[in-house]
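Engineer: One structure is given below, represented as structure tokens, and several questions about it will come after.
The values are calculated or read from the model by the stated rules, or taken from the named source; none is laboratory data. These numbers come from a predicted model, not from an experiment. Please note that ligands, DNA and RNA were not included when accessible areas were found on the heavy atoms of the full protein model with its side chains. Shrake-Rupley method; radii C 1.70, N 1.55, O 1.52, S 1.80 Å.
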Amino acid sequence: MSVNIHLALRVDKLESLQQAATVRAALAEVLREHSIDRDVQLRKFREPISVKVTTGRWPLSVRGFGVWSAAFERDVTAAVHGVAPSAAIDLEWGYPDEA
């Protein structure tokens, strides 16, 4: 069974715009590996220096969400901390069908 979800992911405490670009590239790879790169927005911000991943108007439809979300969160953490060890990651899931 599939679950509709919204994703809000923010990476803060980045040291420079160059580090933000590196984090953005690392997250782009994770999004491609999880086949959601076309369904989310990935943006880098100057003030404050950060990177965000969000779903747009439409939620993601994910089969086996419990297993998938654990793998996704693990991969995000490894990718971000692999290039920015002191970065802060805030990842939240939203469930629009429960609203």
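Engineer: Pop out the carbon and sulfur fraction of the accessible area of the chain as a percent, whole number, probe 1.4 Å.
Structural biologist: Values: 2980 of 5980 Å².
That fraction is 50 percent.
Engineer: Taking the alpha-carbon centroid of each part, what is the distance from region 28-64 to region 1-22 in angstrom?
Structural biologist: Distance between centres, Cα-based: 7 Å.
Engineer: Taking all protein chains together and a probe of 1.4 Å, list Lys44, Lys52, Lys13 from the most accessible to the least accessible. Don't skip to the answer; put the middle values down first.
Structural biologist: Values: Lys44 90, Lys52 55, Lys13 145 Å².
Heavy-atom accessible area, descending, gives Lys13, Lys44, Lys52.
Engineer: Mind checking the per residue accessible area of region 45-99 for me, 1.4 Å probe, whole number of Å²? Please report the intermediate quantities before stating the final value.
Structural biologist: Numbers: 3430 Å² over 55 residues.
So region 45-99 comes to 62 Å² accessible per residue, rounded to a whole number.
Engineer: Using the C-alpha atoms of the chain, what convex hull volume per residue, in cubic angstrom, is computed? Don't jump to the answer; show the numbers that get you there.
Structural biologist: Numbers: hull volume 9.3 nm³, N = 99.
Considering the Cα atoms of the chain, their hull volume per residue is 94 Å³.
Engineer: So which residue, out of Val80, Val30, Val67, gets the largest mean-square fluctuation from a GNM of the chain using Cα contacts under 10 Å as springs?
Structural biologist: Val67
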